[in-house]
1. What tally of residues in region 56-81 results from selecting those that are assigned to a helix (DSSP H, G or I), among the hydroxyl-bearing types (Ser, Thr, Tyr) and in contact (Cβ under 8 Å) with a residue 24 or more places away in the chain?
2. Condition test on Thr94, is it surrounded by fewer than 15 Cβ atoms within 10 Å (Cβ to Cβ) and under 15 Å from the mean Cα position of the chain (by Cα)?
3. Count, please, the residues in region 228-240 that happen to be of a type in the set (A, V, I, L, M, F, W, C) and surrounded by fewer than 19 Cβ atoms within 10 Å (Cβ to Cβ).
4. Return the pair list, or none, for Cβ contacts closer than 8 Å from residues in region 118-132 that are touching a residue at least 40 places away in the same chain (Cβ under 8 Å) to residues that are open to solvent by 60 Å² or more (accessible area, probe 1.4 Å) and assigned to a helix (DSSP H, G or I), at least 6 apart or on different chains.
5. Give Glu101, Glu70 a once-over and let me know the one that is closer than 24 Å to Ser235 by Cβ, acidic (Asp, Glu), over 15 Å from the mean Cα position of the chain (by Cα) and modelled with pLDDT of 95 or more.
6. Failed condition for Ala224, given (1) modelled with pLDDT of 95 or more; (2) out of contact with any helix residue (DSSP H, G or I) (no Cβ under 7 Å at 6 or more places or on another chain), with all others met?
Amino acid sequence: MKKIICMILTITMLLALSITAFAAENHIGVKVQANSENNISGEIVLTEQQYVEYLASLSEDDLQKIAAKESTSAQYAGNAATRATGTLIQVPGTFTMYQQETDNYCIPATVKSILTYITGSSPTQSEIAGTTGTDPSKIPAYLNDRQDEIYYVYVKKSDFTQNGMCSKLYSTIVTNKMPASMGISGTKTTNWYYPTSGHSLVVHGIYDDYSYIRIADPLGDRVAGCPYFYNKSASECYNVCTRLVW
């Protein structure tokens, strides 16, 4: 009996160590202490004119694929009203969130995390940054050019409500079984882990009553007190959301 207990304790310790190593394997540099003077910025927020130019750059094939996605997500618009209690639904298997390697590499870290989940590999963050820079509207093309499991599209907050945000994320996670990305701006240390004027996150889970969203953050363990994974209410997310890539 003592041998069995010892074996269980040993296995538990090994699992704990592997989880710790998994979360810390991409820790870079010294943690930043978030405060009102230390505003984090790694993603631009597109103006309406820039958004119009992005939409104008899409092909007819792109527009047809977007229409199909919108039709699918519309089927889930009533979820919040039909669920008595919320159940968390996440993408299948293991999702790895890579910590951003520099202060403004949130988009490259987001892209790397999503692409690695889909294909098992990804270019380096610096290589991704050479194409995307800090422009979130370049995320879909980068992902779509390197995999064909899902067609990603950029949409600005002006084109969706809170319910629309949730139904798009739910459709991506449940129908496509893939993670999505959210841009945020205007957060404070009182309602988030840091203040930011532009930051990229990954959404890899959502409650089916649209109450909470499961977030993976490239600032995990880079900003003091910020975890890699956490939940935020849908209303909190919508208040600071600037765009989706779904």
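The values are calculated or read from the model by the stated rules, or taken from the named source; none is laboratory data. All figures in this text were calculated on a predicted structure; none of them were measured in a lab. When we count neighbours, we look across all protein chains shown, and the Cβ atoms used for this are built from the backbone with ideal geometry, even at glycine. With ligands, DNA and RNA removed, areas are computed over all heavy atoms of the protein, side chains included. Shrake-Rupley method; radii C 1.70, N 1.55, O 1.52, S 1.80 Å.
1. The number of residues fulfilling the criteria is 2.
2. Judged against the criteria, Thr94 is a match.
3. Keep residues of region 228-240 that are of a type in the set (A, V, I, L, M, F, W, C), which gives 229, 234, 237, 240.
The next check asks that each one be surrounded by fewer than 19 Cβ atoms within 10 Å (Cβ to Cβ); those that pass are 229.
Residues flagged as of a type in the set (A, V, I, L, M, F, W, C) and surrounded by fewer than 19 Cβ atoms within 10 Å (Cβ to Cβ) within region 228-240 amount to 1.
4. none
5. Glu70
6. (1)
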